[in-house]
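Below is one structure, written out as structure tokens, with a few remarks after it.
The values are calculated or read from the model by the stated rules, or taken from the named source; none is laboratory data. Just so it is clear, the model here is predicted, and its values are computed rather than measured. Neighbour counts run over all protein chains shown; Cβ positions are idealised from the backbone, glycine included.
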Amino acid sequence: MVVAILTVDQRGSRTGPDLVPEVLATLNSTSLPRPLREFERTAGDEVQGVLDCGAAVVARIEALVRAGDWNIGLGLGAVEEPLPRSTRAGRGEAFVLARSAVTRAKQHPSRISVVGAPPYRADQLETVAWLWAGILSRRSERGWQVADLLAQGLSHAETAHRLGISQSAVSQRAQSAGLVEAERAARLLAELIDAALENKEGTEE
């Protein structure tokens, strides 16, 4: 069984508050696509979950990039079956790859790394993730407000009314926030992850 393991750890945890309870609530939120196994604290400031589709992975990476406090490691590979109910009890290649990925993520400005998939696919995924994260990390709070409302299905006119601004201001904020670019990158990333999960080739680097 090939799955995506998302392992993240808190940046600056030794000098700041423990953000794990907050991030667990976010990553296990029912508003996001359901994970195969829920996210759990695995050790210290580390959190890990098991996912089986690109949309579920992308939604959580977006939340983590938006928070800005996390190193993000994505491992794509096989796990031992049957998969236990608890993420912490899981075993297999994907778990090892995810831990390697989160270690690598600490060394990159984007704080994201992908390992496995096989390697050529992981490189593609990682490149798209870096570019997408770059767009998200530059987005202002006003940009996020517009992005959130449009993501809920509101029109530009409805968004403008909700925010008390003009439709042209909504369009300007959407453009500055890179909404079109981010949506396309997120869709491509999800498709690449789905392709990797369906791939039966070896995943070791």
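Yes/no per residue for (1) in contact with a Ser or Thr (Cβ under 9 Å, 6 or more places away or on another chain); (2) within 19 Å of Ala196 (Cβ to Cβ); (3) free of Cβ contacts under 8 Å to residues at least 24 places away in the same chain; (4) in a helix (DSSP H, G or I):
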site: Arg14; (1), (2), (3), (4): no, no, yes, no
site: Thr26; (1), (2), (3), (4): no, no, no, yes
site: Ser31; (1), (2), (3), (4): no, no, yes, no
site: Glu38; (1), (2), (3), (4): yes, no, no, no
site: Ala56; (1), (2), (3), (4): no, yes, no, yes
site: Glu62; (1), (2), (3), (4): no, yes, no, yes
site: Arg66; (1), (2), (3), (4): yes, no, no, yes
For Gly75, indicate whether it is in the same structural domain as Glu40 (by TED's automatic domain parsing), surrounded by 20 or more Cβ atoms within 10 Å (Cβ to Cβ) and either in contact with a Lys or Arg (Cβ under 9 Å, 6 or more places away or on another chain) or free of Cβ contacts under 8 Å to residues at least 12 places away in the same chain (or both). yes
Out of (1) modelled with pLDDT of 95 or more; (2) farther than 15 Å from Val58 by Cβ; (3) in contact with a helix residue (DSSP H, G or I) (Cβ under 9 Å, 6 or more places away or on another chain), the odd one out for Asp194 is which? (2)
On the given criteria, is Gly49 on the phi > 0 side of the Ramachandran plot and either part of a helix (DSSP H, G or I) or touching a residue at least 24 places away in the same chain (Cβ under 8 Å) (or both)? no
Of the residues that sit in the range 133-166 and are exposed (fewer than 14 other Cβ atoms within 10 Å of the Cβ) and of a type in the set (D, E, K, R), which one is farthest from Arg187 (Cα to Cα)? Glu141
Pairs under 8 Å by beta carbon, first residue over 15 Å from Ser176 (Cα atoms) in the range 140-160, partner among the polar types (S, T, N, Q) and crowded, with 17+ Cβ neighbours inside 10 Å, six or more apart or different chains? Leu149/Thr159
Answer yes if at least one residue in the range 104-120 is of a type in the set (Ser, Thr, Tyr), closer than 20 Å to Ala78 by Cα and either assigned by TED's automatic domain parsing to the domain that holds Glu62 or surrounded by fewer than 14 Cβ atoms within 10 Å (Cβ to Cβ) (or both), and no otherwise. yes
